Amino acid sequence: MARAYGTTSPLHLLIEARRSRELACDLLERTRRPNQTRELYSVAGRLCALMASASFDLGVWSSAVEQARAATVYAEVIEDPELGAWARGTQALIAYWMDQPRRAADYVAAALVYAPAGAATARLHAIGSRAFSHLGDVGRTGSSLQAADLALEQATGELELHEQIGGEFGWDLARHAACAGTALLQVGQFGPAARRTQQALDLLDASNTETPHRAHIDLALAQLGSGELDATVSELTTVWEIPPDQRRTTVTGRLLALNRALSAAQWRDVGQADQLRDRIEVFTTEGRRALELPAAG
């Protein structure tokens, strides 16, 4: 599930992960063997983590918060610092997108106390940089990115979630560069943001379909910030190809930020900007409808 995450509808993944978690919980009631219990707790925790990501991508914030917290609890029960660090980092991302950057920074700080060195620590520092960028703290944004870069240099490839399983759990050079680009974009450093985001695009594997779209939108935002409307429009060409049921919050949220940027005085009464705003509105509306949760009952 983690490896297929980028090409799977988050609604479908949420259903499958919930079904698997229920199976794990059912099996927990049938055994008292410590090794089996620990393994099932680990499976349940990872499934809660994936459910948190899927709920996040669906924009169902209350469920995302609850499931990320559950993953953290499972990690504490089995004393798994890597799962705990991943879950805390996801709690921070959720808080960031809920416009709670201080809470996001607090989650990161709490996880850094026990996070394994290497990719897990790099991910946390990178997420922290985004929290500080949202607070407008340019200095701490930069220092967090430096810490993230240094931590990733120390990665050994031995972390099971972040490096061996990968997929939604993974943290590699491409995701690292993309996250750095997002943070730099938030503090208005459009040139550095464009360079880190382009680095991410250059590194991305062709099998990953989600992160490239996010990076293309970030690069379009950086280009718009530099006054390059033609380049902005061109950068979004592949984004429009995303199927409606895969138009995640991380995609539509960025496009809505681009839409707000297009409302600046310099783009008023510019036909190309008006057309782009209309296209964004249609695209995000189609995605929202395709990803609506089925009504209860």
Inter-centroid distance (Cα atoms) of the range 222-297 relative to the range 60-102, Å: 28
Accessible area per residue in Å² at 1.4 Å probe, computed on the chain: 46
Förster-model FRET efficiency, 35 Å R0, Val113 and Thr238, C-beta, rounded to 0.05: 0.30
Trypsin sites (Lys or Arg not before Pro) within the range 233-297: DSSP coil, no more than 16 neighbouring Cβ in 10 Å: Arg268
Test item: Cα-centred dipole of the chain, Lys/Arg +1 and Asp/Glu -1 on Cβ, debye: 580
Alpha carbon centroid spacing (whole Å) that separates the range 28-53 from the range 105-169: 25
Surface accessible to a 1.4 Å probe, Cys25 within the full protein complex, Å²: 50
Whole-percent pair-distance distribution, where bins are 5 Å wide, for the alpha carbons of the chain: 1, 6, 12, 16, 18, 17, 13, 8, 5, 2, 1, 1, 0, 0
R0 of 41 Å, Cβ-Cβ distance Glu79-Asp245: FRET efficiency to nearest 0.05: 0.60
Listed residue (Gln198, Gly167, Leu23) projecting farthest to the positive dipole end of the chain, Cβ model: Leu23
Stretch gain in nm, segment Gln36-His12, where the contour uses 0.36 nm per residue and the Cα spacing is subtracted: 5.8 nm
Shape of the range 1-120, Cα gyration tensor, a/c cut at 1.5: oblate
Inter-label distance, nm, simple model (7 Å from Cα along the C-beta direction), Glu66/Gln154: 3.8
Gain in span if fully extended, Leu203 to Asp99, counting 0.36 nm per residue against the direct Cα distance: 34.5 nm
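The values are calculated or read from the model by the stated rules, or taken from the named source; none is laboratory data. Computed from a predicted structure; not experimentally measured. As a convention, Cβ positions derive from the backbone with ideal geometry for all residues, glycine included, and neighbour counts pool all protein chains shown. Just the protein is used for accessible areas: all its heavy atoms, side chains included, with ligands, DNA and RNA removed. Shrake-Rupley method; radii C 1.70, N 1.55, O 1.52, S 1.80 Å.
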